[in-house]
1. How about the range 296-382: which trypsin sites (Lys or Arg not before Pro) there lie in a loop by DSSP and see at most 14 other Cβ atoms within 10 Å?
2. So which GluC sites (Glu not before Pro) in the range 290-390 end up in coil per DSSP with only 16 or fewer other C-beta atoms within 10 Å?
3. Would you pull out the residues with amide H under 5 Å of residue 34's amide H, same chain only if 5 or more places away, H placed 1.01 Å from N?
4. Consider just the alpha-carbon atoms of the range 147-205 and return their Rg together with their Dmax, both in angstrom.
5. How big is Rg to Rh over the range 341-412, alpha-carbon atoms, Rh as the Kirkwood inverse-mean-distance radius?
6. Would you mind calculating the relative contact order of the range 43-151 from Cα pairs under 8 angstrom and at least 6 residues apart, reporting the percent as a whole number?
7. Using Cβ counts within 10 Å as a stand-in for footprinting exposure, how do 167, 294, 317 rank, fewest first?
8. Going by average Cβ neighbours within 10 Å, how do the peptides 26-34, 214-222 rank, with the highest at the top?
Amino acid sequence: MVNEANDSQDSVYEKSANIIVKINDKETLERYGVRRGTDGLINWQRDCKIHPRNWSTRRKTFDTTVIILFELYTTIISTTGSVAATEAGPEYRLSPQKSLVGFTLMYQLGQALGGFLIPPCSEIFGRRLLYLASCATFCIFSLITGILHSPVSVYISRFVAGFASAVPSVVIAGSVEDMFNTRRRVWIIVLWNAGTTVGLCFGPIYAAYIAEAVGWRWIFFSAAIVTAVLCIALLGIKESRPSILLGGIIKQIKRDTALQDIEWHNPDEAQDWRALVRVSVVRPGKILFTEPLVIMVALISASSWGMIYLFTESLTVVYLSLGFTRTQSSLPFLAIAVGVLFTFLPRLWDMKVVRDRHREKLPIQPEDKIIGFGFAAPVQAIALAWFAWTIPPAANSIHWMVPTAALILVGFAVNETAHTLSGYLADSYLLYSASAFSGLAVVRAVASGLMPLVAHELYTRLNANIAGSVLAAVAVVFCLTPWLFFRFSKRLRQKSPFARFSLETHCRTNIEEDRLML
C-alpha cells in the first residue's frame with residue numbers, strides 16, 4: 001500500500017512537472033511570437049509582428065513600392081530593343097533581323113531561362129537576396145551593352161540582363177502573397193500589372209527620344225544609372241518569405257534558450273544540392289509540363305502579352321505611312337497606356353464579389369475574380385480588326401486618331417488578361433506562386449522575343465491591312481478561351497495535387513484565415 005501511495009505521489013509530481021514545463025515552454029515561445037500547434041509543430045502566433053502580414057503599413061508600402069518600381073523599369077527597358085536594333089544595326093553592320101535578335105530576342109530568351117530557374121530559389125533563399133543580386137546584375141550588364149562596341153557583347157549582355165530581369169517579373173507575386181491577404185492583394189496585383197503594362201508602352205517612347213537626343217547607347221547607360229539607384233533602395237527592404245523568417249526564429253530560440261525539442265514544417269528546405277535542383281529546376285518544369293492549368297494560362301497570357309512587343313516593330317511602319325516622324329511614331333503607345341486605366345473598372349466587381357463572400361462567410365475561390373478576362377478577349381479581337389482597316393493603304397483619308405483609338409482597347413485587353421490570369425495563378429498556387437509563375441514566364445518571354453521578328457516579316461511581306469487582319473483573325477480564335485477557362489479551370493485546379501498541397505502548406509504556415517478553398 002505504501003509503495004502504491006508513493007507511486008501515485010510520484011505520478012502526480014511527474015504530471016505537475018510536465019505541466020510546469022509546458023507552461024514555461026509556452027511562455028518562452030510566446031516571447032518569440034510563435035506557438036506549438038496541436039500537431040506539436042511550431043507555427044506563428046496570429047499577432048506576431050515579425051510575420052509580413054503584420055508589418056506596419058509604412059513598411060509594406062516601402063517594400064512594395066520599391067519592388068514594383070524595379071519591375072516597372074526593367075519592363076520599360078525590355079521594349080527598347082526594337083529602337084536600339086534599328087539605330088545600332090547599321091553601326092554593327094547587322095541585318096534588321098540579326099539586330100532584332102541581339103537586342104530583343106536575346107533579352108527575352110534570358111528572361112525565359114531566368115524566369116524558369118531563379119524564382120523558385122526565392123522560396124529557399126528568400127526574396128530579398130534575389131532582388132538585390134538581380135538588380136546589381138541588370139545594372140552591370142546594361143552598362144556593358146552601352147560601353148562595348150561589338151555585336152557579341154550585345155548578344156551576351158542583353159541575354160544576361162534579361163536573365164536578371166526575370167526575378168522581379170515573377171517573384172513579386174510571391175512577395176505580395178507574403179505581405180497581403182486575399183482581400184487586400186486584389187488592388188496590389190492591379191497596381192503591379194497596370195504598372196508593368198504601362199512600362200511596356202513607355203519603353204519604345206523612352207528609347208526613341210533618348211536615341212534621337214544623345215544616341216542609342218544612352219538607353220543602356222541610363223538603365224545602369226537608374227538600376228544602381230534602385231539597388232540602393234532595395235537594401236532597405238526586408239525579407240518577406242514566412243518560412244525563412246520562421247526558420248530564423250527557431251534558430252534564435254535554440255541559441256538563446258534551453259528549449260531544443262522544437263520542430264516545424266518547412267516545405268522549402270533543401271538539404272543538399274539534389275534537393276536544390278529538385279526545387280529550382282524539376283518542380284517548375286514539372287508544373288509547366290504536367291499542370292494543364294498552368295499550360296492554359298501561359299499560352300493565353302503569352303498570346304495577349306506578346307501583342308505589345310509586336311507593336312514595337314509594327315507601329316513604326318504604320319505611323320510612318322501616316323506621315324509621322326520615326327520619333328513621333330512611338331507616341332501611339334500612349335494610347336495603349338491609357339487603355340490600362342480601364343482595367344480598374346472590373347476590379348470594382350471583383351471587390352463586390354469578395355465583400356459578398358465575406359458577408360456570407362463563404363470561402364473565396366480563385367474563379368471569383370476572373371470575370372474581366374471574359375471581356376478582354378473579344379475586346380482585343382474587335383480592337384485589332386478596327387486598327388487593321390483604318391490605316392493605309394486601305395484607308396488613306398482617315399484621320400490618325402481613328403486607328404489610335406483602337407489601341408486604347410488593346411491596352412485594356414492586354415492588361416486585363418495579364419491581371420486576371422496572373423492573379424488566378426497567385427491565388428491557386430499561393431506559397432508556391434513563384435514556381436507556378438516560372439512556366440508563365442518562360443512561355444510569355446519566348447513569345448515576346450519572337451513577336452518583333454514576326455512583325456518584321458508580316459509587315460514587310462504583306463501590306464499593313466492584311467498583316468493586321470491576320471492578327472485579328474488569331475484574336476477571334478482566342479475568343480473561345482474565356483469559355484474554356486470558365487468551364488474547365490476549377491475542375492483542373494481541384495484535380496491538381498500541386499494546388500492542393502500548396503493550399504495545405506498555406507494553411508499550416510499562415511497566421512490568418514484567408515478563406516480560400518479548392
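Derivation of every value follows stated rules applied to the coordinates shown; laboratory data play no part. This is a predicted model, so every value here is computed, not measured. Cβ sites come from the backbone with ideal geometry, for glycine too, and all protein chains shown count toward neighbours.
1. The qualifying sites are 361.
2. Details: sites: 313, 360, 367; in loops: 360.
Qualifying residues, ordered by number: 360.
3. Excluding prolines and chain starts, which carry no amide H, the hits are 45.
4. Considering the range 147-205 through its Cα atoms, Rg and Dmax are 16.0, 50 Å.
5. With Rh from the inverse mean 1/r over Cα pairs, Rg/Rh is 1.24.
6. Values: 34 pairs, mean separation 22.0, N = 109.
Relative contact order, the range 43-151: 20 percent.
7. On the way: 167 30, 294 27, 317 17.
Ordered by Cβ neighbours within 10 Å, fewest first: 317, 294, 167.
8. Numbers: 26-34: 15.4, 214-222: 19.2.
Taking the mean over residues of other Cβ atoms within 10 Å, the ranking is 214-222, 26-34.
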